[in-house]
Amino acid sequence: APAHLKKELDSVLSFQGQTEAIDYAIHSFQVELSKVDVPKELLKLLSNLQQMQEEFKEQSEALYSLLNVHDSFFKLVGVDLEFVWTLLMARDLKMNICKQAIGSFLEWDKLDQAAGGQEQNL
């Protein structure tokens with residue numbers, strides 16, 4: 001389940017990142033427009049863009065809630081999406097470190113055995 005959840009969280013985080021980039025672009029455009037005199041139609045279009053952006057934000061929140069993270073992992077109720085993703089990354093990192101450590105220990109054990117026994121050092 002965590003691998004599947006991680007893929008879904010990556011997708012939602014990517015979507016949220018894109019919506020934040022759109023937010024920044026709209027805000028920058030708005031700042032530039034405030035410096036000059038613009039037609040009312042342009043201001044109306046900008047207002048529509050802002051409303052659409054708010055809808056995108058709400059939809060990205062809805063996507064996160066549809067992942068059923070809270071049903072699978074009930075202790076994560078109310079936890080931020082990015083924090084859950086960080087937890088999953090830390091879990092993966094821990095598993096990789098454990099695998100490499102075990103592999104290293106087994107390698108040392110094989111070297112010890114090749115040198116004349118498990119009890120004797122090289």
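Here, each number is a calculation from the coordinates, and none is a lab measurement. Every value quoted in this text rests on a predicted model; they were computed, and no experiment measured them. Here Cβ is always computed from backbone atoms with ideal geometry, including for glycine, and neighbour counts include all displayed protein chains.
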Order of 32-39, 19-26 by packing, highest average Cβ count within 10 Å first?
19-26, 32-39
Per residue of segment 39-44, what does 6.51 cos²θ - 1.76 cosθ + 1.60 with θ = phi - 60° give for ³J(HN,Hα)? Whole Hz please, x for Gly and Pro, Karplus curve as stated.
x, 5, 4, 5, 5, 5
Taking K and R as +1 and D and E as -1, what net charge do the other residues with C-beta under 15 Å from the C-beta of S104 add up to?
-1
Taking the Cα centroid of segment 29-44 and of segment 81-107, what is the distance between the two, rounded to the nearest whole Å?
50 Å
